[in-house]
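As structure tokens, the structure follows; a few thoughts come after it.
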Amino acid sequence: MWTYLQPVLGEIILAITASQFMLLTGISKSEKRPDLIRLFAVIGLLLFAFSGFFTDRNVTETFGGAFVNDDFARYVKLIIGLASAAAIILSRNYLKREKLDQYEFSVLLVYAVLGMGIMVSANDLLTLYIGVEMQALALYVMAAFNRDSLRASEAGLKYFVLGALSSGILLYGASLIYGYAGTLRFDGIALALQGDYGPGLIGGMIFLLCGLAFKISAAPFHMWTPDVYEGAPTPVTGFFAGAPKFAAIALIARVLYEPFGDLAEGWTLALMVFAGLSMVVGALGGLMQTNIKRLMAYSSIANMGYALVPLTAGTLAGVTGMLTFMTIYIVTVIGVFACILQMRLRSGIVEQISDLSGLAETNKGLAVTLTLMMVSLIGIPPMAGFWGKWFAFGPAIGAGHYFIVVLALVASVVGAFYYLRIIRLMWFAESKEPFIAGARSERTLSVTSAILLIVLVVVPFITYPSLSLIRGAAASIAG
């Protein structure tokens, strides 16, 4: 029995954690209940993140091969678990200030991560769909978590309606694949592609890819992202920008490289279209934004385009480049939202880009931190963002996809404008409204930001030793 359950240990931990939350809410009625559940959630997420490294690595499949916990899944779950734990920690002070500190936030986040774990380990189409929907249902509610806000309710509704549409597209593609391949298993689909297959199998792959492209907000399926990012509470927006994107793009890599590896010539072209559109929309759309969260939405769209570029190579180096880029991107975006969550004006929380004017006058340390985060997002050496793009664009160049790399470089230059605008406002513009100094309870955010700052500087030097871990993860699906 233990051998049978080893691959799904992390998901069992999260399921038990979330179930115990419901028991605790019925027993404990104290004001400290949200803090208690938040603590247990962080512990559960950390156990989930590292659980794959404490089990037998030779035992990877369970549930008849529908669930696989290989090196690829272990690495992605490590990053997802750590990023989600950071999201819970960073959300505490915001939720208390805005009187939104309810235990349901931690419960929903844990269930979302449980869905991400299933997505990353999916080895057949049914498991894939269960993971996607478990994650999505939790995220829909998180987007509308502030029930008294019209914008939050609108964000949740838009996300739900468009998410249901994308799920329909995904299911239609899965049904076509099953109809032509006669199996839901990824290895069975790969075997069917070696024989005489019909055009429906290719059509199913395209529909499946379009449904998954919505989950990473790749253009032209990005229309939900700016509105949801703006309307959702800021900690939720920060969470959306990190772990769910990594889980979805990891699932895309597994689906394309494993069952559809023999159709690489076809799906590489589709990925180049998604990547090119995402980079253009993200770079140009961000130029017109005045809201900081909408700006980060377009930044996320562009960065998902950059993350798709290495996958167009269809090689082991492509998966390695994607994993490296996404790891560095998640660290950076968590740092950005950690900074945003620390800033508060007398009139309320910081939302407009103009609200950042004169930040260096009142909080130079925070201005330095956010500046370095922006420089990393631009991709200026020696910051970590430069190395992320270096590893992302290299495989595409090696595969001869020069056009998409040139387009990525041009988009990076255009996108640098709105990052530099933020830097200019912080350092050279006069403050329109004074910032409120953070309370002692908010020092956790300052410490977290300092740690993230150190990581951003050190990551380039850590990346090379850790490449063996990332390469091992990539080799498990593209070796």
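Quick notes on this one:
- Residues in region 292-300 carry Karplus couplings, in order, of 5, 6, 5, 4, 5, 5, 5, 4, 5 Hz; the curve used is 6.51 cos²θ - 1.76 cosθ + 1.60 with θ = phi - 60°, and Gly or Pro positions show x.
- Accessible area (Å², per residue) of region 281-388, counting only protein heavy atoms and a probe of 1.4 Å: 25 Å²
- Distance violations [Cα-Cα > 31 Å] among Lys96/Lys245; Lys32/Lys158; Lys215/Lys364; Lys32/Lys364; Lys99/Lys389; Lys32/Lys215: Lys32/Lys158; Lys215/Lys364; Lys32/Lys364; Lys99/Lys389; Lys32/Lys215
- Principal-axis tilt of helix 243-257 within the chain, Cα atoms, nearest 10 degrees: 20 degrees
- Solvent exposure of Val281, expressed as accessible area, is near 40 Å², computed with a probe of 1.4 Å over the protein chains only.
- Rounded percent of accessible protein surface that carbon and sulfur make up, region 288-393, 1.4 Å probe: 62 percent
- For region 218-284 versus region 104-125, the gap between their alpha-carbon centres in whole angstrom: 17 Å
- Sorting the segments 80-88, 181-189, 386-394 by their residues' average number of neighbouring beta-carbon atoms within 10 angstrom, most packed first, yields 80-88, 386-394, 181-189.
- Counting protein heavy atoms only, region 216-259 has 62 percent of its accessible area on carbon and sulfur, 1.4 angstrom probe.
- Theoretical gain in end-to-end length, Glu265 to Glu61 [0.36 nm per residue, Cα-Cα removed]: 70.5 nm
- Whole-Hz Karplus values for region 378-391 come out as 5, x, 8, x, x, 5, 4, x, 4, 5, x, 6, 4, 6 Hz, taken residue by residue from phi with 6.51 cos²θ - 1.76 cosθ + 1.60 and θ = phi - 60°; glycine and proline positions read x.
- Calculated SAXS-style log₁₀ I(q)/I(0) at q = 0.16, 0.21 Å⁻¹ - region 272-358, Debye, Cα scatterers: -0.71, -0.99
- Placing a label point 7 Å from the Cα of Ser153 along the Cα-to-Cβ direction, the residues of region 216-244 whose backbone N falls under 17 Å of that point are 228, 231-233.
- Surface share of carbon and sulfur [accessible, 1.4 angstrom probe, percent] for region 42-192: 64 percent
- Normalised contact order of the chain, rounded percent, pairs of Cα under 8 Å and 6 or more residues apart: 15 percent
- For region 5-151, the solvent-accessible area of protein heavy atoms averages 40 Å² per residue (probe radius 1.4 Å; ligands and nucleic acids excluded).
The values are calculated or read from the model by the stated rules, or taken from the named source; none is laboratory data. Computed from a prediction, not measured in an experiment: that's the story for all the values here. Note that each Cβ is placed from the backbone with ideal geometry, even for glycine, and that neighbours are counted across all protein chains shown. Quick note on the areas: whole protein, heavy atoms, side chains included, nothing else; ligands and nucleic acids left out. Shrake-Rupley method; radii C 1.70, N 1.55, O 1.52, S 1.80 Å.
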